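K.L.:
The structure that follows is given in the form of structure tokens.
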Amino acid sequence: MATFYDTHLHLDYPDFQPDFADVLARARAAGITRLISIGTCFESSRRAIALAEQHAEVFAAVGWHPSDALAAPDDVRPTLRELATHPRVVAIGETGLDYYRMPSAKGGTADDDARYRQKQAAIFRQQLEVAAELKLNCVVHQRGETLDDTFALMQPFAERVRGVFHCFSGTLDALARIRALGSIVSFTGIVTFKNGQNVRDAAAAVPLGEFMLETDGPFLAPIPYRGKRCEPAYVKEIAGAVAQARGCSLEELSRATCDTAHRFFPKLKD
Ligand SMILES: [Zn+2]
């Protein structure tokens, strides 16, 4: 059986609490042999580390998500450094920029929007700094019209830190710009959606070695589970859709995406 990794999910979320052992067992049975639980704030990052300590197949990324930027301390670096030196922490993130639902869309002012953007940028830059210091790569979230600002923040770090633009669903032009930065992408269940043709086009176009697979569980369950809780076993459906889009075998896709994950996350164990 071809094996795959779930390089991005939120195993610490309460959605997985009721049947956690079964979720891991189903992932194992589906051939999903590594899971990277992604932190979205310090508490979530600590929970991800705890899960990685308890389960051999689980690793952690530690970071602060842009959507929660206003709740972050002014300087996330000291705590992040401390968390990221843990041997089971393989990356910084998720971090990035999210302009999808700005404060002004929820009754806030233009000043609120500006403050939100500034805080997102500040903690993104801090996380890139810690990644560079500790020689780790970054899990990048970007949503809304953020691509130019994301590139501007990452460019000064491009020699030292690579990003994985997770849940990639952009244009081929965006993909080219990400590759030019030395960064890579990962694909979620959107690649199986009827309206996911642009993602299938990107999955067909991106060279081997420059993409990985993820569920982003508990979100974004692939077809035929769309709308339900997404769990790591479903990487299998995502792999099937990507292999079909590329016209390659599952074995070839397995080798390529797992090798890419080991290069991108050097602390990920064989
Ligand atoms: Zn995520």
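K.L.:
Can you give me the Cα centroid spacing of the range 149-175 and the range 102-128 in angstrom?
P.N.:
19 Å
K.L.:
Radius of gyration and Dmax for the chain's Cα atoms, expressed in Å?
P.N.:
17.4, 54
K.L.:
How high is the relative contact order of the chain? Use alpha-carbon pairs under 8 Å, at least six apart in sequence, and give a whole percent. Could you put the intermediate results ahead of the total?
P.N.:
Details: 571 pairs, mean separation 54.6, N = 270.
It rounds to 20 percent for the chain.
K.L.:
Helix 235-246 versus the longest principal axis of the chain: what is the Cα-based angle in degrees, 0 to 90, to the nearest 10?
P.N.:
Once rounded, one gets 80 degrees.
K.L.:
Show that you can apply the helix-only estimate: for the chain, add -39,500 (n - 2.57) for every DSSP H stretch of four or more residues, divide by all residues, and state [θ] at 222 nm to the nearest 500. Mind dumping the intermediate values first?
P.N.:
Working: 9 runs with 109 residues, N = 270.
Helix contribution divided over all residues of the chain: -12500 deg cm²/dmol.
K.L.:
Give me the Kirkwood hydrodynamic radius of the range 201-259, using the inverse of the mean 1/r over all pairs of distinct Cα atoms, in Å to one decimal. Numbers along the way, then the final one.
P.N.:
Numbers: mean 1/r = 0.0846 Å⁻¹.
Mean inverse Cα-Cα distance, inverted, gives 11.8 Å.
K.L.:
Starting from the 7 Å offset along Cα-to-Cβ, what nm value, one decimal, do you get for the label separation of Arg26 and Phe219?
P.N.:
Calculated label separation equals 2.0 nm.
K.L.:
Within the range 125-205, which trypsin sites (Lys or Arg not before Pro) sit in a loop by DSSP and count at most 10 neighbouring Cβ atoms inside 10 Å? Write down the numbers at each step before the final one.
P.N.:
Values: sites: Arg125, Lys135, Arg143, Arg160, Arg162, Arg177, Arg179, Lys194, Arg200; in loops: Lys135, Arg160, Arg162, Lys194.
Filter output for the range 125-205: Lys135, Lys194.
K.L.:
When the chain is treated as a GNM, springs tying every alpha-carbon pair under 10 Å, which of Thr150, Thr33, Thr85 comes out with the largest mean-square fluctuation?
P.N.:
Thr85
K.L.:
Need one number: convex hull volume per residue for the range 1-57, Cα atoms only, in Å³.
P.N.:
Details: hull volume 3.9 nm³, N = 57.
Per residue, the Cα convex hull of the range 1-57 comes to 69 Å³.
K.L.:
Also, quick follow-up: I need the calculated FRET efficiency for the pair Gln155 and Arg115, taking r as the beta carbon distance and R₀ as 25 Å, to the nearest 0.05. Working shown, then result.
P.N.:
On the way: r = 24 Å, r/R0 = 0.96.
Once the sixth-power term is evaluated, E becomes 0.55.
K.L.:
Compute the angle between helix 42-54 and the longest alpha-carbon principal axis of the chain, please, reported from 0 to 90 degrees and rounded to the nearest 10.
P.N.:
On a 0 to 90 degree scale, this one is about 30.
K.L.:
Using only Cα atoms, what is the ratio of the radius of gyration of the range 34-73 to 2.2 N^0.38 Å?
P.N.:
Numbers: Rg = 10.7 Å, N = 40, 2.2 N^0.38 = 8.9 Å.
Its radius of gyration relative to the 2.2 N^0.38 Å reference: 1.20.
K.L.:
Using Cα atoms only, what is the angle between the long axis of helix 250-264 and the major principal axis of the chain, expressed in degrees (0 to 90) to the nearest 10?
P.N.:
Once rounded, the angle reads 30 degrees.
K.L.:
What FRET efficiency, computed as 1/(1 + (r/R0)^6) with R0 = 25 Å and r the Cβ-Cβ distance, is obtained for Lys106 and Tyr13, rounded to the nearest 0.05?
P.N.:
On the way: r = 23 Å, r/R0 = 0.91.
Rounded to the nearest 0.05, the efficiency is 0.65.
K.L.:
Dividing the Cα radius of gyration by the Kirkwood radius, what Rg/Rh value follows for the range 13-133? Could the numbers behind the result be given before it?
P.N.:
Details: Rg = 16.3 Å, Rh = 15.5 Å.
Over the Cα atoms of the range 13-133, Rg/Rh equals 1.05.
K.L.:
Another one. State log₁₀ I(q)/I(0) for the range 97-229 at q = 0.09, 0.11, 0.21 Å⁻¹ as given by the Debye formula over alpha-carbon point scatterers of equal weight, solvent excluded.
P.N.:
Here the Debye-derived log intensity ratios amount to -0.30, -0.45, -1.26.
K.L.:
Here is a further query. Hey, what D do you get for the range 160-202 in µm²/s if you plug the Kirkwood alpha-carbon radius into Stokes-Einstein at 20 °C and 1.002 mPa s? List each step's numbers first, then the result.
P.N.:
Numbers: Rh = 10.6 Å.
Answer from the Stokes-Einstein relation: 202 µm²/s.
K.L.:
Using DSSP to call loops (not H, G, I, E or B), can you name the GluC sites (Glu not before Pro) in the range 57-154 whose Cβ has at most 12 other Cβ atoms within 10 angstrom? Spell out each step's value before the answer.
P.N.:
On the way: sites: Glu57, Glu82, Glu94, Glu129, Glu133, Glu145; in loops: Glu57, Glu145.
Within the range 57-154, the qualifying GluC sites (Glu not before Pro) (loop, at most 12 other Cβ atoms within 10 Å) are Glu145.
K.L.:
Extent of the range 154-270 along each principal axis, from alpha carbon coordinates, in Å, largest to smallest?
P.N.:
Computed over the range 154-270, the largest-to-smallest principal extents equal 41, 34, 27 Å.
K.L.:
Separate question: Report the full-extension gain for the segment Glu252 to Arg179: residue separation times 0.36 nm, less the Cα-Cα distance, to one decimal in nm.
P.N.:
On the way: separation 73, 0.36 × 73 = 26.28 nm, distance 2.14 nm.
Taking Glu252 through Arg179 to full extension adds about 24.1 nm, to one decimal.
Quick note: the coordinates plus some simple rules give every number you see, no bench work behind them. Predicted model, so just to flag it, every value in this text is computed and none were measured. Every residue, glycine among them, receives a Cβ derived from its backbone with ideal geometry; neighbour counts consider all protein chains shown.
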